[in-house]
Structure formats: structure tokens, C-alpha cells
Amino acid sequence: MSRVNSSSMKIPAIIVILLSVGIVFSQNAYAAGSPDGNIYLDSGKQQFEKQDWRAAQRNFELAVQHVEGGTDKVARAIALDWLARAQFMEDRLLAAEGSWQRAVDILSQSAVRDTSLLSDVRLRLAQVKAKLEKFSDAERLYGALLANEALGKKKPELVAAAAAGLVRVYRQVGRNSDAASMLETRRKFATKLGNEIDVSRQLDDANLLLDLGNIAAARPLYESVVAAVASSSSPSSPSSSSTSTFTSSSSSSPSHSQRRQALLSLSALDLEEGNSAEAELAVNKAISEIEKNESANQLSLAVALIQRSNVRLAQEEYRPALDSAQQAVSAVEKLMGGKSPLLIDALRQRGKAYAALDDYRAAERDYRLLLAIEKDNFGEISGCLSRDYALLAYLLLEQGKYLSAEEYYKKSLAIITRVYGEDSAAAATAMNNLALLYVNSGEFAKAEPLVRNALELRKRIYSEKSSSTTKSMINLATILAEQNKNEAAEQLLQKAISIQEDLLSPSHPDLIGSQRVLTELYLAQGKFSEAEPLLRRILSADESTYGQSSTAVAVDLEKLATVLAELKREAEHIDVLKKLDEIKDKLRDDSGLSLNKFLSDAADSDREIVLPGQVRPVQDKWALIVGISNFKDSAINLKYAAKDA
């Protein structure tokens, strides 16, 4: 089974959603144009302020109807703009996109051009398109705003928001150099705004740096926001993390909402760096402040609970992780109903917790449910849908449902090639995932071209000497070895390990994993002298990581004993067997064995393909604990490790 260590987990998607620049809602003074229209518009605004999005939409829809046939096109656009805002706040993203597009079309064709309102609405349309992952449309709209020199002088905050949006679009499509350049452009416009929104700008800069993967630069900015709000004597802003995400950064007072956002981001950064204790402290502070602050929206608590669940997964506290995720699901369902994108994140987190507890059926139910919600919100073609298709496929693979898993891996790959392009890093990962399925079902001829394509893509994207590229090398070597192409596999493994030795520390899990694969290949070919030094390095690393009486160490000793016997070094062989017997006796009595195998994000991490048939036969069934599938008695071999183990 796939195992992911907490230090390799990516920043949780929910935190990125929470912190991304939202729709800029300026409070303009426009009216809807007719007495009845004004009444409905004013009523809708009152409901909007109360965060009753459904009631607000009903009033805004009536306002649109009352001005639909009139001559005042600007009034119609204003009503549509407010309707889109309410639709967006209820997470009806496709509906919001349609309403804002209608407003832009009307304002663009109006004889009386209100350029300020048109620019505002174009920015909101660009932002919702980016959230729907319609990146080319978003780039075009953002670019038009940036190219407007007069707008840059009149409304620098709007152009700064457009530049921030472009940073994220470029990051999403893998144009990192363009993203870094646009970040500098964004800062130039932001400096024109003065110091009155310093905390807001720091938070936004930190979010952009996080999007660019620059954790070292993002961390001090988040810490500065936390400290600034803590030392501020200004009263807490009544805006929640839910609503403040979608408002203009125009308040001069640092808010407790901003502090909570920064704390959650710091928790995610700590988790990314493998420091779960610090991550727990940060998320607990955020939750404590939310619970004490009566004005804080309960959606803020749901977001924080999702992060707490992430932390508990990293700490291998699977039942508490499930409890936190369940609380988040219940809170979102109560406040937002069953169609909210935030519910998608909560269900995804609960699915991870179920998978960690080996309840793959329950995890599958959650993923099927969230996929239905995603289709309603984002349509049939979106990056988030492709990622969750891959995760559902993995859950099906774990249950041995190979045909269904293949269907969803192929769907994921098809969407990724449409959204990100067939030459993207995401496409390489999707190919690797599909290859994993074929390896599990023994269809190596199907797996090999997929992994070769992924390897070539990664060479072009990252260069040959990169961590991602070496993972593809290991995957291809594994498949070659399964087809008895041992010489080619050995050369590729040696090359990958040489690169990793330059990039990684001697004890890094990726390097140890690669050495483990090469060791298995040497053992399969009877190259015991070559295998021994690698095996001793692996043994030392496993003793340090898992303990000297662990299952992993027992497996290493089993192999080392075989090597020593083959090399006729009897005294050493006997010593190793004695130590092995002691560990096996302890393992038989140990009912508390646990493996860290919670679900990883298929879109952000590459699964390493294991060698299911390259291990020399072992004597005992205790080896099932770690998934060894080649026994002395071939009748008990595991044909499909993912299903049978």
C-alpha cells in the first residue's frame, strides 16, 4: 500500500483557497434605475449584509427583471453585478460567471460608458474564471486591466489585484518565471496605495509567495501579520474569514480574521516542513480565537477544523483526524447546504481520514459525493475534478477494482491535458498514476510507454537533475526490471541514485527508497556483493527512522541474512539470524503495529512503483505485514498486492 510521510504532504488545498485573493467587492453608490428595481436592490443589499445569500439572490433577480426591458443598461448591469456577488458568496460559481459576463457585455455595448464600473466587473469576472480554472480567459481579462495606463493611475488597487490574479494564473499553468515577474509588477502598484493597508498587503504578499512555492519568504510575512494583529489595540473586525476573503483590502485596521488566516497558513507551512507539533500549536490558536470571537463566522471554524484534521493525520492520530473532519462537514452542511465548494474540501479531508483507517468504502462514498458537487460548481472540465478523479481511482485500486480505477485515471488524464496541456507537469503525474494501475495488474507493456513519456516531460520541465525527474527514472527502471530488462534497469537506477546523492542528504527517504529498489534488482540477479553495501545503508536508515525492533528492520535483516549466506560468511549470517528471530518474536506479540498510509494527493505527489516480484522467497507469513508478495511457498504469493494484502 502507498505510504506518505507527513513531511512530503503539500500545503492543504483548503488553506490556499482560503488565502487566495477573492472577488473585489467595492461598495459603489449606483442605483438600479427604476423605483421597483431600487426597492428590490436595496432589499437584496440588506440581505447580503446579513449574509443571507439565498434571500439576496431572490431580490437581485427581481431587480434584474424590473430593469430588463428598460433603456437604462447601466442599471441592468448593476443589478446583474449584485446578483453575481450573491451567487458567488453561495459558491454558485458558474451562475456568477454568467451574471458577470452579461454585465460586462452590457457595459461594453452601452452608449454611456461607465469605465470605472466596467473595470470593477471585469476584474470580478477574471477572478471567477480563474477559480473555475479557465486560465486563458482569466489571463486575457487580467492583461487588459494591466494594459490600461489610465486605470493604473486612477485605481492602482484594482490593477494590483489584477497583477496578483495573474501571478496565480501563471503559477497554476507552470509559468513560474512569468509569475515571479508579475509579482514584482503587483508590488509596484501596491506601493502606490501607501502604508494604510500594510497588514493586508503583507498577507497578500505572503499568499502570493506561498503560491510560488517560496516558503522561506512567506513565513516571516505571516509571522509579522500575527504579531501586528496581536499588538493592535483596534477592535476586531466583524468580517469572517469567509466574507473577508471576498472583500476589498481597504480597511486600515489589522483584523483578527487576518490573524486567523495567517495562523492557519503557518500551521500548513509547519506541516509541510514536517513539524507537526508547531503546526498543532498554530491551528489550535486559530480555533481558540474563533471560538472566543462571537462575530467570527462558523465557516472559519470549519476551515480550521480541516487543518486540524490534516495535522492529526500527520501525527498518525487517525480517529481524532476523522472526528475533526466530521465536525467540519457538519458545520459546512448546516451553514451552506450540500452544494458548497467548502463542503468539497471537508469531504475530501474526511475521505483521507477514512482511508487512513483502511475504510476505503467510506472514503470512496465521500469522493463520489464531492465529485458530484464539483461538477455542479465547476462543470465537467476542471483541474480540481481531474485531481479528485485520480484520488477516487486510487481508492478503487486499493479495493482491487481495477477496471473502475482505470476508467477514472483515464478521465483524470484527459481533463488534465485539456486544462493544463499535454506537455504539463500535471500530465506527467497523471501518466504516472495510470502506470501505477497497470503495474498493480501486471500489465507492464502498457505501463512502460506512459512512464517513458512522463520521464521525458519532466526532463523538459525540470531538467534531468531534479527530484521529480529521478522519481520517473525509478518508476521506469522498476517496469524494465519486471520485464527482465535488467541491464537497462540497473543503469537507470544507478543514474538516478547518483543525481539524488548530489541533491539529497544520505538519509533522505527518496534516496533510501531508490537504493532499496536497486538492492532488490541486485538480489534478483544474484549480485550479492553489490547488494550488501546498499542493504547495510538501508538497514541503518530504517533503524534510525523506525527503531531497531521494527518491521522494516526485520525485512532488512531477512535480506541481509540471505546475502551473507550466499557469500559464505557463516558467522555473520548466524548473528543476523539471531537478531532477526528476536525481532520476529516481538512482532508476533505486538498487536499495536501501525503503518502511516493515509491518502496522498495524486495531483501533487508521485507514487513510487514498487517491485512486486523482485524479492527472494522468505519463510514466514509475518512478512505480510509489510506486503512482501513472493514466498517460498508460491501458492500463497500475492498476485495483486493492493487488493490481496
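The values are calculated or read from the model by the stated rules, or taken from the named source; none is laboratory data. Please read these numbers as outputs of a predicted model, since none were measured by experiment. Quick reminder, even Gly has a Cβ in these numbers, built from the backbone with ideal geometry, and neighbours come from all protein chains shown. Areas reflect the complete protein model, heavy atoms only, side chains present, ligands, DNA and RNA absent. Shrake-Rupley method; radii C 1.70, N 1.55, O 1.52, S 1.80 Å.
Counted residue by residue at 0.36 nm each, then reduced by the alpha carbon distance between them, the extension gain from residue 418 to residue 399 reaches 3.9 nm. Mean separation of Cα pairs under 8 Å and 6 or more residues apart, divided by the residue count, gives region 495-567 a relative contact order of 25 percent.
Could you name the lysines in cross-link range of residue 465, using Cα to Cα under 20 Å and dropping any fewer than eight places away on the same chain? By straight Cα distance, residue 465 reaches 495. Couplings for region 368-383, taken from phi via the Karplus curve 6.51 cos²θ - 1.76 cosθ + 1.60 with θ = phi - 60°, read 5, 5, 5, 5, 5, 5, 4, 4, 5, 8, 10, x, 7, 10, 7, x Hz in order; Gly and Pro are left as x. Taking 0.36 nm per residue of separation and subtracting the current Cα-Cα distance, fully stretching the chain between residue 586 and residue 572 would add 2.9 nm. Rounded to the nearest 0.05, the FRET efficiency derived from the C-beta distance between residue 543 and residue 215 at R0 = 35 Å is 0.70. Modelled spin labels at residue 529 and residue 376, positioned 7 Å past Cα toward Cβ, are 6.8 nm from each other. Using R0 = 41 Å, the C-beta based FRET efficiency linking residue 39 and residue 291 works out to 0.55.
Listed values for region 40-48 are Karplus-derived 3J(HN,Hα) couplings in whole Hz (6.51 cos²θ - 1.76 cosθ + 1.60, θ = phi - 60°), namely 5, 5, 5, 4, x, 4, 4, 5, 4, and x replaces Gly and Pro.
Only Lys, Arg, Asp and Glu carry charge here, each on its Cβ (+1 for the first two, -1 for the last two); on that basis region 503-550 has a dipole of about 60 debye about its Cα centre. Relative to one another, the C-alpha centroids of region 303-331 and region 380-454 are positioned 27 Å apart. When you filter the GluC sites (Glu not before Pro) in region 269-315 for DSSP loop state and at most 15 other Cβ atoms inside 10 Å of their Cβ, you are left with 273, 294.
For region 286-338, the relative contact order is 35 percent, taking Cα pairs closer than 8 Å that sit 6 or more residues apart in sequence and dividing their mean separation by the residue count.
Put a plus charge on the Cβ of each Lys and Arg, a minus charge on the Cβ of each Asp and Glu, and nothing anywhere else: the dipole of region 79-140 about its Cα centre is then about 60 debye. Suppose every K and R has +1 on its Cβ and every D and E has -1 on its Cβ; what is the size of the dipole of region 423-472 about the Cα centre, in Debye to the nearest 20? Magnitude of the dipole: close to 160 debye. A straight Cα-to-Cα reach below 16 Å connects residue 411 with the aspartates and glutamates 374, 380, 388, 422, residues fewer than 8 places away in its own chain not being considered. Can you give the FRET efficiency to the nearest 0.05 for residue 465 and residue 109, using r as the Cβ-Cβ distance and R₀ = 60 Å? So the FRET efficiency works out to roughly 0.65. Each residue of region 547-556 was assigned a 3J(HN,Hα) from its phi angle through the Karplus curve 6.51 cos²θ - 1.76 cosθ + 1.60 (θ = phi - 60°); the sequence is x, 6, 10, 8, 4, 4, 5, 4, 4, 4 Hz, with glycine and proline shown as x.
Sequence-distant contacts, meaning Cα pairs under 8 Å at least 6 residues apart, place the relative contact order of region 264-408 at 15 percent. Cross-link pairs exceeding 19 Å between alpha carbons, from the set 131/155; 134/154; 153/188: 131/155; 134/154. Per-atom-type breakdown for region 503-587 gives carbon and sulfur 52% of the accessible area (1.4 Å probe, protein chains only). Gain on full extension, evaluated as 0.36 nm per residue between residue 501 and residue 334 minus their Cα-Cα distance, stands at 55.0 nm.
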